[in-house]
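Trainee: There's a structure below that I have some questions on.
The values are calculated or read from the model by the stated rules, or taken from the named source; none is laboratory data. Everything quoted here is computed from the prediction, not taken from an experiment. Neighbour counts run over all protein chains shown; Cβ positions are idealised from the backbone, glycine included. Accessible surface areas use protein heavy atoms only, side chains included; no ligands, DNA or RNA. Shrake-Rupley method; radii C 1.70, N 1.55, O 1.52, S 1.80 Å.
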Amino acid sequence: IDKPAGMVVHPAAGHATGTLVNALIAHCGAELSGIGGVKRPGIVHRLDKDTSGLLVVAKSDRAHQGLAEQFASHGRDGRLERMYLAFVWGQLERDAGTIDAAVGRSFSNRLKMAVLKRGGRTAVTHYRVIDRYTSRTGKEVAVVSLLSLQLETGRTHQIRLHLAHVGHPLLGDTVYGAGFQASANRLELPSRTALAALGRQALHAARLAFEHPVTGKKLSFESPLPADLERLKQALGDDFARVSLR
């Protein structure tokens, strides 16, 4: 499934309808794995509501079990690969690296996740800078980096938390990057307009690869940037001095 931004994966408080599960039931009827129960039929993993991109859904219990096993190993055995694209504020200290920081429920706000010094669950994210956009307006300098990210674990809000933790939150992330909202004022008008129109965190699940849970065949899927993120990328490229690190 190539999930659009704004769609919740499964029904929850405040989202009884209009979810991906509702669409799957309408499309597939009873042909979905029952392992996740009646609220999450076929759902092996999730994406945040405002994250776009690739999801795999199981249509049988056997497929679900095989896929769940691969996701549980988090790609350490080479079978599963998940790659995300993200636009973040600032220039990272290194062009490639690993963020290793445990995450869990915030002690101060149980509705949010947080990087924790004690407790929490192991979380590891590998990143690489693909492009860097730099603009100077008077004395103000704005830098935006486009990253590719590989997950070694799959915790709730992991990418958003890790990037905010190292001081480079996602563009458009009002939860974990609230302190950087003023940075938008340093952007040129077209880039600022594209970011305002985005209305979500600039994160996209661009690649998903795994072994077919029955045949063992390697399957690989890619999703290009959706229109809103492509407009942001185009505006940044037009307004800023761009350095490609591909």
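Trainee: Residues of the range 35-45 being farther than 11 Å from Val9 by Cβ and at pLDDT below 80, which ones?
Mentor: Across the range 35-45, the qualifying residues are Ile35, Gly37, Val38.
Trainee: Give me the pairs: first residue in the range 77-106 and under 22 Å from Leu208 (Cα atoms) and open to solvent by 40 Å² or more (accessible area, probe 1.4 Å), second residue not in a strand (DSSP E or B) and not acidic (Asp, Glu), beta-carbon distance under 6 Å, and six or more apart or on different chains, which are they?
Mentor: Arg79/Gln70; Glu81/Gly75
Trainee: Right, here's the next one. Within the range 138-145, is even one residue over 26 Å from Gly199 (Cα atoms) and modelled with pLDDT under 90? Can you show your working first?
Mentor: So the first thing to find is which residues in the range 138-145 are over 26 Å from Gly199 (Cα atoms), and the list is 138-139.
When the remaining residues are screened for being modelled with pLDDT under 90, the result is 138-139.
Checking the range 138-145: at least one residue is over 26 Å from Gly199 (Cα atoms) and modelled with pLDDT under 90.
Trainee: Of everything in the range 131-158, what is among the β-branched types (Val, Ile, Thr), more than 12 Å from Gln91 (Cβ to Cβ) and open to solvent by 10 Å² or more (accessible area, probe 1.4 Å)? Give them in sequence order.
Mentor: Thr137, Thr156
Trainee: Check Ala142, Ala123, Ala114 and return the single one that is small (Gly, Ala, Ser) and more than 18 Å from Phe180 (Cβ to Cβ).
Mentor: So the residue among Ala142, Ala123, Ala114 that is small (Gly, Ala, Ser) and more than 18 Å from Phe180 (Cβ to Cβ) is Ala123.
Trainee: Another question, if that's okay. When the residues of the range 184-210 are filtered to those that are among the charged types (D, E, K, R) and at pLDDT 95 or above, which remaining residue is least open to solvent (accessible area, probe 1.4 Å)?
Mentor: Among residues in the range 184-210 that are among the charged types (D, E, K, R) and at pLDDT 95 or above, the one least open to solvent (accessible area, probe 1.4 Å) is Arg200.
Trainee: Being of a type in the set (S, T, N, Q) and over 22 Å from the mean Cα position of the chain (by Cα) is the filter here; which residues of the range 195-246 pass it?
Mentor: Within the range 195-246, Thr215 is the sole residue that qualifies.
Trainee: State which residue is farthest from His212 (Cα to Cα) when the search covers only the range 107-123 and only residues that are open to solvent by 30 Å² or more (accessible area, probe 1.4 Å) and of a type in the set (Gly, Ala, Ser).
Mentor: Result: Ser108.
Trainee: In the range 86-111, how many are assigned to a strand (DSSP E or B), touching a Lys or Arg at 6+ places or on another chain (Cβ under 8 Å) and at pLDDT 95 or above?
Mentor: 2
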